[in-house]
1. Out of the range 121-144, which residues are loosely packed, with under 14 Cβ neighbours inside 10 Å and either in a strand (DSSP E or B) or among the charged types (D, E, K, R) (or both)?
2. Yes or no: LYS311 touching a Phe, Trp or Tyr at 6+ places or on another chain (Cβ under 8 Å), open to solvent by 50 Å² or more (accessible area, probe 1.4 Å) and assigned to a loop (DSSP other than H, G, I, E, B)?
3. Out of the range 277-298, which residues are open to solvent by 10 Å² or more (accessible area, probe 1.4 Å) and assigned to a strand (DSSP E or B)?
4. Residue check: is PHE264 within 18 Å of SER287 (Cβ to Cβ) and surrounded by fewer than 21 Cβ atoms within 10 Å (Cβ to Cβ)?
5. Against the condition surrounded by fewer than 18 Cβ atoms within 10 Å (Cβ to Cβ) and either over 20 Å from LEU55 (Cα atoms) or not acidic (Asp, Glu) (or both), how does ASN259 come out, does it pass?
6. Hey, among TYR375, TYR386, which residue is aromatic (Phe, Trp, Tyr) and at pLDDT below 90?
7. Which residues, counting only those in the range 404-414, are at pLDDT below 90 and more than 18 Å from the chain's Cα centre (by Cα)?
Amino acid sequence: MVKFTHKLCLGFLMIFVMGLPFVQVAFADEINQLVISSTYTSIYSGWDKYPGSGLDVDKNGNVYVAQTGSYGNYSVKLDNSLNLISETSTSYYGSYGITVLSTGHMVVVDSPQHGYNPPSGNHRIVKVDSNFTVLATFGSSAGSGNTYLYNPDRLASDRHDNVYVVDGTNNRLVKLNSELVYITEYQFDNISAVDVKDNYVYVASYNGDVLKKLDLDLNEAGIIGQIGSFGVHDIAVDSAGNIFAGTNSNITWLDSDFNIVAVFDDDSWFRNIMAIAIDQDNAIIVSNRYKGIAKFDNPFSDCKHATYSHKKRTLTVPFIEIPIIDFLTGQSNGKVELWTSSLRQVSGTTNRFGIIFKTLAPITDGSSTSCPATYAIETGTLSIPYVDIPTGIDIGNKKSETNVDVFKATMTWVPMGRSFVIQEIEQVE
């Protein structure tokens, strides 16, 4: 597991400017390594077969592998420890793309680009059940427009079971509904990879290694980055918005702002990556062209949510990243410190929360988290990626807080009212 070391100054200075906390604290993260937790290597390897050319994970943690080659096309199902559950041989559907829908059905690519056995002219994707009975198809031969694909490749699906297809030769991402009916598309030169997390679609290009973030309607969401290494085969995004890109020579880890955090290339498992996926525990699963499938612990696998209590009308935020301000210049020095705080709902309001100052404290025990809330000094915005909010089921005259829904929230500091006002709240799952 990646380890973190926090180097703190002997003391810290906290001041309040317009009611906002600032700290003068040194903060640093040191990244050591990714550690393999399990492997599956009994897949044919070498030039005669592409091991694990497509990967996806279902809600139970089972891993689905699509592969193709001169020995035939296989769909392999593994458990969350990468033990073999089943292997199905087909005369088609061998491809680089597979995605598992919430219903348990699968959508797989059936294209001649990467395999030997598929019937000539199949440039399509196919929706199948667990027995590989065909339920729906899109595309039939090479082409463009609203009814054809040309060398489809990677696949991803959202929580509504819409399917996002990398249509390689047409340089576009195609969005289809759960019945594989065309909805819309996004043009992107040399597109090679796609993943969907929450309400965003992430796409990458093979040449130039450009990374983009889109909304679910395939409109650009304003963030564009560069992965920094040639040959991106696949990408996967974890619950904190970290992006992991598998390339010819490494695994590149970028944060949610598309800044490169680390490049892993000091082990043979990190090279010749064919596909990459992330499971419900944020573990990273990769397929290596010559070695098989490996599962790595995610350095940001421990995601602690903020919580809201109906009874106490209190929002508890366990981790907040607050920029460190240089006391002399009044400007951020580019580093952050972790803080914790609770906010109490202002009486008579539904959208205002004041800081409970006795709970506001810097975290100096070396803790880290995969999905901290973030505070932006320039805009006074507190962004909380995950808030557990009770459903509030009334049982007799008591209110139950055992069932929760997960939301993300954006709040803005209002100095005159000395409180945060909710600007946006949206259910995540």
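The values are calculated or read from the model by the stated rules, or taken from the named source; none is laboratory data. No experiment lies behind these values; they were computed from the predicted model shown. Glycine gets a Cβ as well: all are built from the backbone with ideal geometry, and neighbour counts include every protein chain shown. Please note that ligands, DNA and RNA were not included when accessible areas were found on the heavy atoms of the full protein model with its side chains. Shrake-Rupley method; radii C 1.70, N 1.55, O 1.52, S 1.80 Å.
1. Hits for the range 121-144 are ASP129, VAL134.
2. Details: touching a Phe, Trp or Tyr at 6+ places or on another chain (Cβ under 8 Å): no; open to solvent by 50 Å² or more (accessible area, probe 1.4 Å): yes; assigned to a loop (DSSP other than H, G, I, E, B): yes.
Here the answer is no, as LYS311 does not meet what is asked.
3. Residues satisfying the conditions are ILE278, LYS295.
4. Criteria met by PHE264.
5. Details: surrounded by fewer than 18 Cβ atoms within 10 Å (Cβ to Cβ): yes; either over 20 Å from LEU55 (Cα atoms) or not acidic (Asp, Glu) (or both): yes.
For ASN259, the condition - surrounded by fewer than 18 Cβ atoms within 10 Å (Cβ to Cβ) and either over 20 Å from LEU55 (Cα atoms) or not acidic (Asp, Glu) (or both) - is met.
6. TYR386
7. Residues satisfying the conditions are VAL404, ASP405.
Let's see how each residue does on (1) under 22 Å from GLY145 (Cα atoms); (2) open to solvent by 60 Å² or more (accessible area, probe 1.4 Å); (3) among the aliphatic types (A, V, I, L, M):
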| position | (1), (2), (3) |
| --- | --- |
| ASN177 | yes, no, no |
| GLU185 | yes, no, no |
| PHE188 | yes, no, no |
| ALA193 | yes, no, yes |
| VAL201 | yes, no, yes |
| ASN207 | no, yes, no |
| LYS213 | no, no, no |
| GLU220 | yes, yes, no |
